[in-house]
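Input: a single structure, listed below in structure tokens.
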Amino acid sequence: MEGLLQGFAVALTPINLFFAFLGALLGTIVGVLPGIGPIGAMALLLGATYSLPPATALIMFAGIYYGSMYGGSTTSILVNIPGEPSSVVTCLEGNQMARRGRGGAALFIAAAGSFVAGSLALVVLSWLAPLLAEAALKFGPPEYFAISVFGLLVLSQLSGQGLLKSFLMVGVGLLLSTVGMDVISGQPRFDFGTIGLKQGVDFVPIAMGLFGVAEVLEVAKESLDERKDVIRVKLSQLLPNKAETKRSVGPTLRGSVIGFLTGLIPGPAAVISTFLSYTLERKISRHQQDFGRGAPEGVAGPESANNASAVGAFVPLLSLGIPFAPPTALLLSAMMIHGVTPGPMLIKERPDVFWGVISSMYIGNFMLLVLNLPLVGIFLHVLRTPKNLLMPLILLLCVVGVFAVNNSVVDLWIMLVSGIGGYFLRKMDFSVAPLVLALVIGPMMENALRQSLMLSLGSFDIFFTQPLSRALFLLAGLILVSPFLWRLTRQFFIKRRNENAR
Amino acid sequence: MTRVPKNTLVASGIGAATILYLYEAFQLPFGAARMPDMGFVPVLGGLLVLGLCALMIGKEWIFPDKEKPKEGGGKEAGSSRRPMLISLVLVSYPLLLVPVGFIPSTTGLVFFCLWIMRFRGWFGSLVIALVATGLAHLLFAVLLHVPLPKGILD
């Protein structure tokens with residue numbers, strides 16, 4: 001509680017309030033605009049935050065991340081275009097509500113659900129993150145190696161593109177992470193005599209390339225003059241009626257729990273949590289006939305879930321210093337650039353940053369509630385910005401932003417290569433999320449592996465003698481084989497049923 | 001002509017890059033399991049990735065994935081010409097940035113991208129490119145003191 005109060009003292013300073021507001025506003029705009037995600041936006045702004053104190057910069061980045069979750073719902077409901085992948089499910093019921101003249105109510109339910117879920121998740125985050133950080137102080141290299149392997153394996157399983165493709169992307173990310181200074185000896189490797197590569201492949205140009213430049217190239221391929229039909233909503237129509245409110249309470253609470261728990265798991269948690277929540281609500285609802293025609297439960301549940309998952313994703317980042325998703329990987333990168341070392345010591349060494357970011361999220365959540373509903377008209381105007389103007393401007397921000405990080409032309413080349421490579425990978429149906437995470441986790445993983453082997457005098461048994469690492473490897477193994485087991489069990493039961501039917 | 005499956009194409013590209021990576025990795029001191037040196041993880045990682053590439057190519061060869069035809073009779077929704085042209089402009093940008101300077105090269109980059117993406121006429125595109133570059137210069141060079149290359153304007 002003392003820490004949280006200290007955090008509020010940091011978050012409530014005028015400069016931090018301003019940047020929390022700016023982050024929330026930018027996040028909402030990013031959420032509204034299809035294509036530009038929170039990762040791209042954070043990467044673009046990284047160069048512009050150097051002169052800011054670390055806590056202020058991180059408060060803004062956190063605002064962009066959870067603000068984008070709010071913004072995504074607006075376009076899903078009123079235009080039937082998800083601004084973010086996590087808002088795809090909201091299109092199903094939200095747009096149907098809008099077509100029946102209940103667009104205002106859908107927006108209110110989404111915003112209120114996001115606020116409640118975000119606030120509940122923050123309470124749990126404030127309690128859980130310090131506890132986990134305390135426990136993590138006892139972790140040694142084998143545990144860190146096991147957590148990294150577990151994270152990457154689970155992410156590979158959940159990325160939805162097939163294990164082999166995911167593993168290949170993880171592998172590429174790990175190889176890229178070995179470029180530059182060796183973590184233990186301090187000797188350079190794979191630098192090909194280039195000074196720019198001696199420091200390694202920075203995460204920022206890679207993220208800007210994969211999420212910024214690749215997106216611009218992708219959009220350039222599409223038809224650029226499409227018009228969007230936007231359903232208009234008046235401020236007076238924003239409040240839901242009594243029945244809609246009553247039907248939204250349960251899904252909001254259930255969505256909060258599902259979202260937070262999913263946020264703790266590596267992978268595209270926000271997207272998964274919305275599908276889980278929607279499926280659950282559809283199964284248990286007393287108004288199943290309304291699903292597909294504009295059921296408020298189908299808006300409240302998923303929107304609450306995606307916000308809670310965004311908050312949940314901060315738990316491993318703040319307490320272990322391990323990101324489980326690309327947006328938190330970028331936050332980790334931002335922390336390091338600002339001289340803050342994430343991990344269990346963060347709460348002790350930089351309580352202003354640890355608690356300041358958490359406290360600012362309470363304030364940012366409230367700001368978003370106030371910001372989103374009255375300004376919905378303005379956000380829809382942003383949506384009308386022509387893509388053929390927006391994309392070249394994004395490219396401009398990419399090149400200036402990446403150059404500003406290290407004043408390095410090598411970084412520009414890295415961004416361009418990863419942008420063009422990322423575009424081709426997208427065309428070939430490869431997801432780059434595992435690559436990005438492996439690139440960030442790679443150095444820690446290598447360090448942990450080598451230190452563990454030194455400790456055990458070369459024996460790999462060390463990963464199976466420590467209880468936590470053994471449990472994580474077992475769990476990861478189970479998660480890996482579970483789809484095969486599930487398929488086998490299903491085939492067995494289908495075969496048995498067919499035999500009985502004969 | 002037989003079309004190479006997407007996965008095989010990606011796996012071959014990554015495999016070729018990994019062979020080059022492994023060549024470099026084998027030059028590094030490997031150490032031993034009890035005292036792994038800086039080449040330990042790169043060699044193991046490189047071999048693992050090479051194995052995965054071989055597995056993917058093998059899988060495609062033995063159990064070929066049926067690629068779904070794109071909607072619209074197999075023709076891709078948009079043209080690949082624009083991304084290719086933008087890529088060309090982008091690749092020339094780092095080559096010009098230092099000798100020509102930030103303002104001329106970035107104005108050129110934005111102008112050509114606007115033009116390729118068919119945003120209004122050339123004059124409108126040029127004005128927007130100049131204004132946007134000027135604003136970026138103001139924010140990064142003047143306000144944030146980022147040393148952007150001056151080039152011919154020095």
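The values are calculated or read from the model by the stated rules, or taken from the named source; none is laboratory data. Just so we're clear, the structure is a prediction, and the values are computed from it rather than from any experiment. Cβ atoms come from the backbone with ideal geometry, glycine included; neighbour counts cover every protein chain shown. These accessible areas exclude ligands, DNA and RNA; they are computed on the full protein's heavy atoms, side chains included. Shrake-Rupley method; radii C 1.70, N 1.55, O 1.52, S 1.80 Å.
Checking each residue in segment A:446-461 for being open to solvent by 40 Å² or more (accessible area, probe 1.4 Å) and part of a helix (DSSP H, G or I) picks out A:Asn447, A:Gln451, A:Met454, A:Leu455. Residue selection: A:Ile195 satisfies the criterion of being farther than 27 Å from A:Ser319 by Cα and more than 9 Å from every other protein chain (Cβ to nearest Cβ). Report yes if A:Leu17 is assigned to a helix (DSSP H, G or I), open to solvent by 30 Å² or more (accessible area, probe 1.4 Å) and without any contact (Cβ under 8 Å) to a residue 24 or more places away in the chain, otherwise no. So A:Leu17 does not fit the description; no.
Tell me, which residue of segment B:1-54 that is assigned to a helix (DSSP H, G or I) and charged (D, E, K, R) is farthest from A:Gly186 (Cα to Cα)?
Taking segment B:1-54 and keeping what is assigned to a helix (DSSP H, G or I), we get B:6-25, B:40-54.
If we keep only those that are charged (D, E, K, R) too, we end up with B:6, B:24.
Working: B:Lys6: 39, B:Glu24: 17 Å.
Applying the filter and picking the extreme gives B:Lys6.
State which residue is nearest to B:Tyr23 (Cα to Cα) when the search covers only segment A:188-214 and only residues that are outside any helix (DSSP H, G or I) and among the aromatic types (Phe, Trp, Tyr). Among them, the one singled out is A:Phe190. Please verify whether B:Glu67 is open to solvent by less than 80 Å² (accessible area, probe 1.4 Å), at the interface with chain A (Cβ under 10 Å from one of its Cβ atoms) and at pLDDT below 95, treating the condition exactly as stated. Considered against the rule, which asks whether it is open to solvent by less than 80 Å² (accessible area, probe 1.4 Å), at the interface with chain A (Cβ under 10 Å from one of its Cβ atoms) and at pLDDT below 95, B:Glu67 comes out as no.
For A:Val154, are the conditions met, namely being touching a strand residue (DSSP E or B) at 6+ places or on another chain (Cβ under 8 Å) and either within 10 Å of another protein chain (Cβ to nearest Cβ) or among the β-branched types (Val, Ile, Thr) (or both)? Spelling it out, it is not the case that A:Val154 is touching a strand residue (DSSP E or B) at 6+ places or on another chain (Cβ under 8 Å) and either within 10 Å of another protein chain (Cβ to nearest Cβ) or among the β-branched types (Val, Ile, Thr) (or both).
A:Asn307 meets each of the listed conditions (1) in contact with a Lys or Arg (Cβ under 8 Å, 6 or more places away or on another chain); (2) more than 21 Å from A:Pro54 (Cβ to Cβ); (3) open to solvent by less than 10 Å² (accessible area, probe 1.4 Å) apart from (1). Among the residues of segment B:9-26, those that are of a type outside the set (A, V, I, L, M), more than 9 Å from every other protein chain (Cβ to nearest Cβ) and open to solvent by 20 Å² or more (accessible area, probe 1.4 Å) comprise B:Ser12, B:Tyr23, B:Phe26. Tell me whether segment A:472-495 contains one or more residues that are of a type in the set (Ser, Thr, Tyr) and open to solvent by less than 30 Å² (accessible area, probe 1.4 Å). No, every residue in segment A:472-495 fails to be of a type in the set (Ser, Thr, Tyr) and open to solvent by less than 30 Å² (accessible area, probe 1.4 Å).
Note on segment A:166-182: residues that are outside any helix (DSSP H, G or I) and either closer than 16 Å to B:Ser12 by Cα or more than 7 Å from chain B (Cβ to nearest Cβ) (or both) total 3. If you go through segment B:95-110 one residue at a time, do you hit one that is outside any loop (DSSP other than H, G, I, E, B), among the aliphatic types (A, V, I, L, M) and in contact with a Cys (Cβ under 7 Å, 6 or more places away or on another chain)? Among the residues of segment B:95-110, not one is outside any loop (DSSP other than H, G, I, E, B), among the aliphatic types (A, V, I, L, M) and in contact with a Cys (Cβ under 7 Å, 6 or more places away or on another chain), which makes the answer no.
Which of the residues belonging to segment B:111-154 are over 14 Å from A:Val400 (Cα atoms), open to solvent by 80 Å² or more (accessible area, probe 1.4 Å) and in a helix (DSSP H, G or I)? B:Phe112, B:Trp115, B:Trp122, B:Phe123, B:Leu130, B:Val131, B:Ile152, B:Leu153, listed by residue number.
Considering only residues that are more than 7 Å from chain B (Cβ to nearest Cβ) and either in a helix (DSSP H, G or I) or not aliphatic (A, V, I, L, M) (or both), which ones fall in segment A:426-440?
Hits for segment A:426-440 are A:Arg426, A:Lys427, A:Ser431, A:Ala433, A:Pro434, A:Leu435, A:Val436, A:Leu437, A:Ala438, A:Leu439, A:Val440.
Taking A:Ser185, is it polar (S, T, N, Q), at pLDDT below 85, in a loop (DSSP other than H, G, I, E, B) and under 24 Å from A:Pro82 (Cβ atoms)? The answer is no for A:Ser185. Among the residues of segment A:350-400, the ones that are within 14 Å of chain B (Cβ to nearest Cβ), buried (at least 19 other Cβ atoms within 10 Å of the Cβ) and among the polar types (S, T, N, Q) come to 1 in all. For A:Pro443, the conditions (1) more than 7 Å from every other protein chain (Cβ to nearest Cβ); (2) open to solvent by less than 30 Å² (accessible area, probe 1.4 Å) all hold with the exception of (2). If you filter segment A:55-73 down to residues that are closer than 11 Å to A:Gly37 by Cα and of a type in the set (A, V, I, L, M, F, W, C), you find that the one that is modelled with the lowest pLDDT is A:Met69.
When you check A:Ala404 against the structure, is it buried (at least 17 other Cβ atoms within 10 Å of the Cβ), within 11 Å of chain B (Cβ to nearest Cβ) and of a type outside the set (Ser, Thr, Tyr), yes or no?
Answer is yes for this residue.
Listed by first and then second residue, the pairs linking a residue in segment A:471-491 that is of a type in the set (Gly, Ala, Ser) to a residue that is open to solvent by less than 100 Å² (accessible area, probe 1.4 Å) and in a helix (DSSP H, G or I), with Cβ atoms under 8 Å apart and 6 or more places separating them unless they lie on different chains, are A:Ala476/A:Val149; A:Ala476/A:Phe150; A:Ala476/A:Leu153; A:Ala476/A:Val154.
Suppose the filter is at pLDDT below 95, more than 24 Å from the chain's Cα centre (by Cα) and facing chain A (nearest Cβ under 8 Å); does B:Asp37 pass it?
yes
Within the option set A:Val410, A:Val417, being touching a Ser or Thr at 6+ places or on another chain (Cβ under 9 Å), assigned to a helix (DSSP H, G or I), at the interface with chain B (Cβ under 10 Å from one of its Cβ atoms) and surrounded by fewer than 23 Cβ atoms within 10 Å (Cβ to Cβ) holds for one residue only, A:Val410.
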